[in-house]
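Scroll down for the structure; my scribbles are underneath it.
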């Protein structure tokens, strides 16, 4: 004889029959601990990443010996993030032939005066084609007026895979301040220097050349 009549036919009774048993105290404890542990680990990872980021940006290298004018050094240092390694003017001037030198200024600035052998890569008008014949492992130094624009371009080069890139600290201002020669668009010795504007021209303070902007 079929016992199907014993099965609940009432929908509510059927729902109560299929209802899962409530979680045990042990299960609730395990779930809660897993959630707390996950949250704790995520916060540790976040705090650790913030600490690394802070350390990278807060520990500035000692730059006092790289620039003749202490006030100019303070100005440069306050504007840079030090995202890429820096190089002093003296070091580049003694090993110039060992590096590919890129100018991160505008064409007008470059045409008036640039470091001999430099290639114009630009800043606002970044010319990526300049990199076509430069191997990724080349030693590269980027400069601008003081190092602000060149730091941005140097960081961009690192993101493009160039692993040996330096920002010239003090850049072309400090280059001429230390008595180094600059050349015009025809690669002829120049007696002028583009100082970006009148305000910035004060940082070219040891140069027997005409300042233009």
Consider all pairwise Cα distances in segment 64-212 and report the whole-number % of them above 21 Å. 37 percent
Starting from the eigenvalues of the Cα gyration tensor, five times each then square-rooted, give me the equivalent ellipsoid semi-axes of segment 64-128, largest first, whole Å. 22, 16, 12
Please work out how much length the chain gains when fully extended from residue 210 to residue 108, using 0.36 nm per residue of separation minus the C-alpha to C-alpha distance, in nm with one decimal. 35.2 nm
Just rank 32, 63, fewest to most, by other beta-carbon atoms within 10 angstrom. 32, 63
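Just so you know, all these numbers are worked out from the coordinates, no wet-lab data involved. The structure presented is a predicted model; accordingly, all values stated were derived computationally and were not measured. Using ideal geometry, Cβ is built from the backbone for each residue, glycine included, and neighbour counts are taken over all protein chains shown.
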